[in-house]
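Reviewing the structure listed below.
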Amino acid sequence: MHVWKFGGTSVGKPERMHSIRNLITSDDTRKIVVLSALSGTTNALLAIGESLKANDDGEANAKIDTLKAHYDSFINELYKSAEGKAAGQQVVENEFSFIRSLTGIKPFTVKQEKELVAEGELLSTQIFQAYLVEEGVTSALLPALEFMRIDADNEPEIHYTEEKLAEILPSHADTQIIVTQGFICRNPRGEVDNLKRGGSDYTASLIGGAIRAEEIQIWTDIDGMHNNDPRIVKNTFPVRELTFDEAAELAYFGAKILHPSTITPARMFGVPVRLKNTMEPSAPGTLIADRPGAPATSSEVFKAVAAKDGITALYIHSTRMLNAYGFLRRIFEIFEKYKTPVDMITTSEVSVSVTIDNTERIQEITDELNTFCTLEEPDFDQTIICIVGNFSADNQGVAVRVFNAMQNIPIRMISYGGTESNLSLLVHSRYKAEALNALNDGLFSV
Ligand code: ADP
Ligand code: ASP
Ligand code: MG
């Protein structure tokens, strides 16, 4: 069985839904088809939520009207038959009457906001399922809320998904196409929740891992993982193959094509992930897998670059660190206590610099560090530039080429040697575009 995920732009226009109907029925592989919300919908729902939080029902209703009008014309174009249009209209009426009902709930809380934002995927999947029915494609719609769950730390419970799908799927054994929602899940309180922005990729990978799929395919609007951020750099090109480690680093460090955690379940169960372009299905895309016997890193020295914004750097000093052991443990226990992941670390004999991307608990963290260390002012608005490639110890000249490319850009931190496939640099976000372009010219131009 395959898991195929289609992102917002891939379902965002009626003609795109027509193409993905053709794509998913073009071979006889059984598929779980994971859909995102139509492009723009999640943002629109969040904007409605903002108006409701601000108690501006008038503004919220106006935004709901605009969104509803978009869906009315969408279904009008999507379906051919009167029955199809009526089925689509029913879905839209039901979901928008739920959305409308949220305007009456005061105060508008996080719980309601999560229910509101889940409507995007609930709409897209029901609209698509009704379209498959109209087209005579045998398919079933499985509610993701019945098998996707996160724990108290917001981590998906893949074993729960595995158990639930093992219960549910046998009753659909003869169904070739099974449609479900990306992104949405329940939390331990049974409420509607989600896997954070871009989370439909993660849903696909969690399902793929849970059912030990033959392959997970992420269908989007670009022909695979590019060697650099195509939104910022011209002349990027698709990378044909990546190892799980390489792809995980790129996704975690900002390659928007994949939700940061997508690779984890796929790697855990050895399920290959293929990135494909809905607009150009014949393009080979990118295959992410560990080939048996192949080295953990690839043959090219430089493979790709990605950048992650919103980083804060903390600079921790203590003369007590000199020749001491247990000091680093004390520091990292504090980050653990406040559930704050550390991304980059560099150390000298008397100091440690770390970066975090979640500053929610920064006050408590710095208060506790201050009890046994001296802290410099943190640097906000930093960007981690992650360079992925084959940096094995006997590969000479890697650092020289990176630093030559970066010669005009101030670097705040450098991390190299943590793995053989990653070199990370910290720069102020104002230098991000310049750094990505300079690295493209210095590392990839032929
Ligand atoms: P979807 O809606 O299908 O999930 P996304 O917008 O989340 O699509 O991801 C695809 C986009 O990711 C591309 O259009 C591209 O602009 C952006 N992107 C950023 N970095 C990369 C990269 N290294 N390779 C490919 N795409 C990237
Ligand atoms: N619709 C959600 C979002 O826009 C999830 C996704 O598209 O992956 O973030
Ligand atoms: Mg996405």
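The values are calculated or read from the model by the stated rules, or taken from the named source; none is laboratory data. Keep in mind that what you see is a predicted model, and the values were worked out from it rather than measured. All Cβ positions, glycine included, derive from the backbone under ideal geometry; neighbour counts span all protein chains shown.
Okay, residues lined up against (1) polar (S, T, N, Q); (2) within 16 Å of ligand 2 (Cβ to nearest atom); (3) over 23 Å from the mean Cα position of the chain (by Cα):
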site: Ile32; (1), (2), (3): no, yes, no
site: Gly58; (1), (2), (3): no, no, yes
site: Ile64; (1), (2), (3): no, no, yes
site: Leu67; (1), (2), (3): no, yes, yes
site: Ile99; (1), (2), (3): no, yes, yes
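In the range 190-211, is there at least one residue being farther than 22 Å from Leu46 by Cα, buried (at least 23 other Cβ atoms within 10 Å of the Cβ) and within 13 Å of ligand 1 (Cβ to nearest atom)?
From the range 190-211, those farther than 22 Å from Leu46 by Cα are 204-211; that's our starting set.
Those left that are additionally buried (at least 23 other Cβ atoms within 10 Å of the Cβ): 204-210.
From the residues that got through so far, the ones that are within 13 Å of ligand 1 (Cβ to nearest atom) too are 204-205.
Yes, the range 190-211 contains a residue that is farther than 22 Å from Leu46 by Cα, buried (at least 23 other Cβ atoms within 10 Å of the Cβ) and within 13 Å of ligand 1 (Cβ to nearest atom).
Given the criteria closer than 20 Å to Ser139 by Cα and either at pLDDT 95 or above or β-branched (Val, Ile, Thr) (or both), does Ser36 qualify? Give the derivation first.
On the way: closer than 20 Å to Ser139 by Cα: yes; either at pLDDT 95 or above or β-branched (Val, Ile, Thr) (or both): yes.
When the stated conditions are applied, Ser36 passes them.
Looking at Ile216, Ile263, which is the one that is under 24 Å from Ile184 (Cα atoms), β-branched (Val, Ile, Thr) and touching a residue at least 60 places away in the same chain (Cβ under 8 Å)?
Details: Ile263 fails: touching a residue at least 60 places away in the same chain (Cβ under 8 Å).
Exactly one of Ile216, Ile263 is under 24 Å from Ile184 (Cα atoms), β-branched (Val, Ile, Thr) and touching a residue at least 60 places away in the same chain (Cβ under 8 Å), namely Ile216.
Mind listing just one residue for me: the one in the range 52-101 that is in contact with a Phe, Trp or Tyr (Cβ under 7 Å, 6 or more places away or on another chain) and among the basic types (Lys, Arg) and, of those, farthest from Glu113 (Cα to Cα)?
Lys85
Of the residues that sit in the range 378-431 and are touching a residue at least 40 places away in the same chain (Cβ under 8 Å) and charged (D, E, K, R), which one is nearest to Ile232 (Cα to Cα)?
For the range 378-431, the residue satisfying everything is Arg430.
Tally the residues that are assigned to a loop (DSSP other than H, G, I, E, B) and within 19 Å of Ser348 (Cα to Cα), restricting the search to the range 386-429. Give the derivation first.
Of the residues in the range 386-429, the ones assigned to a loop (DSSP other than H, G, I, E, B) are 390-397, 406-412, 417-421.
Okay, now just the ones that are also within 19 Å of Ser348 (Cα to Cα), so 411-412, 417-418.
So the answer is 4.
Can you run down the residue pairs with Cβ atoms below 7 Å, 6 or more apart or on separate chains, where the first is in the range 1-26 and among the polar types (S, T, N, Q) and the partner is more than 15 Å from ligand 3 (Cβ to nearest atom) and assigned to a loop (DSSP other than H, G, I, E, B)?
Thr25/Val137
Of the conditions (1) assigned to a helix (DSSP H, G or I); (2) more than 15 Å from ligand 2 (Cβ to nearest atom); (3) within 24 Å of the chain's Cα centre (by Cα), Glu15 clears all except one; give me its number.
Against the list (1) assigned to a helix (DSSP H, G or I); (2) more than 15 Å from ligand 2 (Cβ to nearest atom); (3) within 24 Å of the chain's Cα centre (by Cα), Glu15 comes up short only on (3).
Find all pairs meeting these conditions: Cβ atoms under 6 angstrom apart; at least six residues apart or on different chains; first residue within the range 27-41 and more than 12 Å from Gln217 (Cα to Cα); second residue part of a loop (DSSP other than H, G, I, E, B).
Note: pairs meeting the criteria are Arg30/Met1; Arg30/Gln176; Ser36/Gly7; Ser36/Gly182; Leu38/Gly12; Ser39/Gly12.
Kindly list the number of the only condition in (1) within 16 Å of ligand 3 (Cβ to nearest atom); (2) part of a loop (DSSP other than H, G, I, E, B); (3) not polar (S, T, N, Q) that fails for Trp4.
With (1) within 16 Å of ligand 3 (Cβ to nearest atom); (2) part of a loop (DSSP other than H, G, I, E, B); (3) not polar (S, T, N, Q) applied to Trp4, the lone miss is (2).
Test each condition in (1) at pLDDT 95 or above; (2) surrounded by fewer than 18 Cβ atoms within 10 Å (Cβ to Cβ); (3) among the charged types (D, E, K, R); (4) part of a loop (DSSP other than H, G, I, E, B) for Asp153 and report the one that comes out false.
Among (1) at pLDDT 95 or above; (2) surrounded by fewer than 18 Cβ atoms within 10 Å (Cβ to Cβ); (3) among the charged types (D, E, K, R); (4) part of a loop (DSSP other than H, G, I, E, B), the lone unmet condition for Asp153 is (1).
Considering only the range 110-132, state which residues are touching a strand residue (DSSP E or B) at 6+ places or on another chain (Cβ under 6 Å) and among the acidic types (Asp, Glu).
Passing the criteria: Glu115, Glu121.
So which residues in the range 1-20 are of a type in the set (Gly, Ala, Ser) and either farther than 13 Å from Ile127 by Cβ or more than 11 Å from ligand 1 (Cβ to nearest atom) (or both)?
Taking the range 1-20 and keeping what is of a type in the set (Gly, Ala, Ser), we get 7-8, 10, 12, 19.
The answer is Gly7, Gly8, Ser10, Ser19.
Output the number of residues of the range 88-118 satisfying the condition of being away from ligand 3 (no atom under 16 Å from the Cβ) and either polar (S, T, N, Q) or in contact with a Leu (Cβ under 6 Å, 6 or more places away or on another chain) (or both).
Of all residues in the range 88-118, those away from ligand 3 (no atom under 16 Å from the Cβ) come to 88-116, 118.
The next check asks that each one be either polar (S, T, N, Q) or in contact with a Leu (Cβ under 6 Å, 6 or more places away or on another chain) (or both); those that pass are 89-90, 94-95, 97, 101-103, 108-109, 112, 116.
The qualifying residues number 12.
It is to be established whether one or more residues within the range 337-355 are farther than 25 Å from Val305 by Cα, modelled with pLDDT of 95 or more and touching a Phe, Trp or Tyr at 6+ places or on another chain (Cβ under 9 Å).
No, there is no match, as no residue in the range 337-355 is farther than 25 Å from Val305 by Cα, modelled with pLDDT of 95 or more and touching a Phe, Trp or Tyr at 6+ places or on another chain (Cβ under 9 Å).
Here is a check on your reading of the model: is Phe302 surrounded by 15 or more Cβ atoms within 10 Å (Cβ to Cβ) and not polar (S, T, N, Q)?
It is true that Phe302 is surrounded by 15 or more Cβ atoms within 10 Å (Cβ to Cβ) and not polar (S, T, N, Q).
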